[in-house]
Amino acid sequence: MNEQLGIFHMLQNGGIVIGITALALLVMSIISWTVIIVKGMGVQRAKKQAAALQNFWHSTDLEHGIQTLDVEPGKVNPFKQLAVEGQSAMRHHRHSDQQLHDTLDLSDWMTGSLSNAIDDAKEKLSHGLALLASIGSTAPFVGLFGTVWGIYHALLTISDAGSAGLDKVAGPVGEALVMTAFGLAVAIPAVLGYNALVRGNAFIVGKLNRFAYDLHAYFVTGNRIERPQVVRRVG
């Protein structure tokens with residue numbers, strides 16, 4: 001009997017509940033790894049785009065500066081979108097005849113436009129993270145449910161067989177515990193991936209905020225305001 005025990009034996013003889021639970025964990029694992037890989041590539045791409053910001057400020061004019069930000073044509077670029085939004089807001093404020101501009105000066109108008117662009121970028125960066133967090137928090141319980149059901153099913157089988165020796169109980173119960181391990185195997189990468197993506201997104205948002213500050217100063221005053229360098233004390 002012990003030779004027949006194992007993961008495949010459990011899946012084949014555990015009934016429809018065990019099968020559905022295992023399938024749910026498999027789907028959750030595929031989804032979480034897909035989100036981790038896709039979003040991770042997006043964070044790395046955004047970091048590469050952030051590295052091109054110095055080229056923007058060394059450009060001869062705004063149009064050329066926006067072109068320097070397009071390091072990967074066709075890809076989503078929140079920094080380029082921020083610069084384009086600022087340029088569009090500048091033109092709109094200067095040439096629009098709407099009465100709203102009678103009560104909004106350029107600084108307020110630019111602040112609102114850049115803030116909206118940053119909010120849009122944040123929404124795109126956070127897309128999929130809630131799903132990843134949900135998988136990380138629920139997968140262990142899904143696996144635990146499979147374990148409880150597997151133990152229940154095993155005890156019923158042992159009861160029908162009329163034998164409750166340790167050698168008869170340990171095998172089926174051990175099989176059922178594998179479902180808990182499956183749940184943890186799904187949850188751990190999801191949690192680690194979520195934390196890594198949150199840190200990466202925070203880095204990108206920080207870069208966007210600093211870039212928006214510089215853009216605001218440029219569009220309002222015509223010059224980029226240099227922030228003072230922080231001197232670190234040693235010792």
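Bear in mind that the values in this text are calculations on the coordinates, not laboratory data. Quick caveat, the model's predicted, so the values are computed rather than measured. FYI the Cβ positions are ideal-geometry reconstructions off the backbone, even for glycines, and counts take in every protein chain you see.
Each of 204, 20 was scored by other Cβ atoms within 10 Å of its Cβ. Listed from fewest to most, they are 20, 204. Cα to Cα, under 20 Å, and not fewer than 8 places away if on the same chain: which lysines meet these conditions relative to residue 75? The qualifying lysines are 39, 47, 48, 122, 124, 207. Neighbour counts of other Cβ atoms within 10 Å put 72, 175 in the fewest-to-most order 72, 175.
By the count of other C-beta atoms within 10 Å, a proxy for reagent exposure, 28, 179 are ordered fewest to most as 28, 179. Karplus-based coupling profile of the stretch 81-86, in residue order and whole Hz: 4, 5, 5, 5, 5, x, with θ = phi - 60° in 6.51 cos²θ - 1.76 cosθ + 1.60 and x standing for Gly or Pro. Stretched out straight at 0.36 nm per residue, the stretch from residue 137 to residue 59 would grow longer than its current Cα-Cα span by 23.3 nm.
Phi angles of the stretch 27-43 translate, via the Karplus equation with coefficients 6.51, -1.76, 1.60 and θ = phi - 60°, into HN-Hα couplings of 5, 4, 5, 4, 5, 5, 5, 5, 5, 4, 5, 5, 5, x, 5, x, 5 Hz per residue; Gly and Pro are given as x.
Which shape class applies to the stretch 14-54: rounded if a/c is under 1.5, otherwise prolate when a/b exceeds b/c and oblate if not, where a ≥ b ≥ c are the square roots of the Cα gyration tensor eigenvalues? It is prolate, given that a/c is not under 1.5 and a/b is the larger ratio.
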